[in-house]
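**Q** Sharing a structure below in structure tokens format, with a few things to ask.
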Amino acid sequence: MLKVNNINVSYGKVEVIKQVSFEVNQGEVVVIIGANGAGKTTIMKTVTGLLNPTQGEISFEDHNTSRLSAEKIVKLGISMCPEGRQVFPQHTVYENLVLGGYLIRRDKPIFQKNIEHMYSLFPILKERSKQFAGTLSGGEQQMLAIARAMMSNPKLLLLDEPSAGLAPIYVKGIFEMIKTLANQGTTILLVEQMANMALKLANRAYVLETGHIALEGAAADIMTNSKVVESYLGSK
Ligand code: ATP
């Protein structure tokens, strides 16, 4: 579904992604794990067209998306839930969901069905639908950010560090929600520092080290790899 082939990405003259290749197949949950500053967000921004690769190619289904605008890429069916959530704090929960569904807004029945689906997945969002998003807790804002990204019925959902800055109790809830979305058939590319939970959820994993893929394989194998255990999973 998504194929990233040998891309380099730079900020000015500084190359932060070097010859990175990976793919996501339909129905999979794929995780990219990596430490602070390894380049995870840069990869997500490149897949969504916010940055362009200086080398290599990205394709989604039959489209070469390497040079497409972010707007065109969203229309092809890739939706991102950004790091740090970035909900619209002065808009209500409902309005945030409406903004997430702007691509399907004219199809009222689908729009309404999606809203109901998100409210059933995240009942707290229904309870808080009229509340300003800025007044939600961090975990609730993360739920809203994921629900907003899901409102456009994406073929591929990108999640950039959904656990970042959340209390452990919320992290567990967020990962359960991601699992539910995956079980319902959403294809997901996740980047995470919280390697343990992400690997439990994923089918396949890539380990990103200072801008290059150091390791890849089935999540179950990556989880037991001694280098990964030592560097990313801590003592268990
Ligand atoms: P984190 O887990 O801290 O979010 P990350 O793995 O997502 O890290 P990136 O944010 O992709 O890493 O950053 C990769 C590298 O690129 C880092 O060295 C970072 O300092 C650098 N970088 C990120 N954004 C910019 C920018 N706008 N200009 C210059 N350098 C940047």
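**Q** By how many degrees, between 0 and 90 and to the nearest 10, does the Cα long axis of helix 168-183 differ from the longest principal axis of the chain?
**A** That works out to roughly 90 degrees.
**Q** Before rounding to the nearest 500, sum -39500 (n - 2.57) across all DSSP H runs of length at least 4 in the chain and divide by the residue total; then give [θ] at 222 nm in deg cm²/dmol.
**A** -10000 deg cm²/dmol
**Q** Can I ask one more? Which value, in nm² and rounded to one decimal, describes the direction-averaged projected area of the C-alpha convex hull of the stretch 129-173?
**A** The Cα convex hull of the stretch 129-173, projected and averaged over all directions, gives 3.7 nm².
**Q** At each listed q (0.17, 0.19, 0.22 Å⁻¹), what is the log10 of I(q)/I(0) that the Debye formula gives for the stretch 1-146 modelled as equal alpha-carbon point scatterers?
**A** -1.05, -1.17, -1.30
**Q** Tally the DSSP beta bridges in the chain and give the antiparallel ones as a percent, rounded to 5.
**A** Percent antiparallel among DSSP bridges in the chain is about 50.
**Q** Oh, and also: Taking Cα atoms, how many degrees apart are the long axis of helix 108-121 and the longest axis of the chain, rounded to 10 and kept between 0 and 90?
**A** So the helix axis and the longest Cα principal axis differ by about 70 degrees.
**Q** Could you give log10 I(q)/I(0) at q = 0.11 Å⁻¹ for the stretch 81-177, computed by the Debye formula over C-alpha point scatterers of equal weight, without solvent?
**A** -0.27
**Q** Cα centroids of the stretch 60-90 and the stretch 1-20: how far apart, whole angstrom?
**A** Result: 17 Å between the Cα centres.
**Q** Oh, and also: ³J(HN,Hα) across the stretch 137-142 via Karplus (A = 6.51, B = -1.76, C = 1.60, θ = phi - 60°), whole Hz, x for Gly/Pro?
**A** 6, x, x, 5, 5, 5
**Q** Evaluated at 37 °C with a viscosity of 0.692 mPa s, what Stokes-Einstein diffusion coefficient in µm²/s does the stretch 130-236 have when Rh comes from the Kirkwood expression over alpha-carbon pairs?
**A** Rounded, D is 220 µm²/s.
**Q** Per q in 0.23, 0.30, 0.31 1/Å, what log10 I(q)/I(0) does a Debye calculation on the alpha-carbon atoms of the stretch 1-45 return?
**A** Rounded to two decimals, the profile gives -0.89, -1.23, -1.26.
Taken together, the values in this text are just the output of simple stated rules run on the coordinates, not laboratory data. Every value quoted in this text rests on a predicted model; they were computed, and no experiment measured them.
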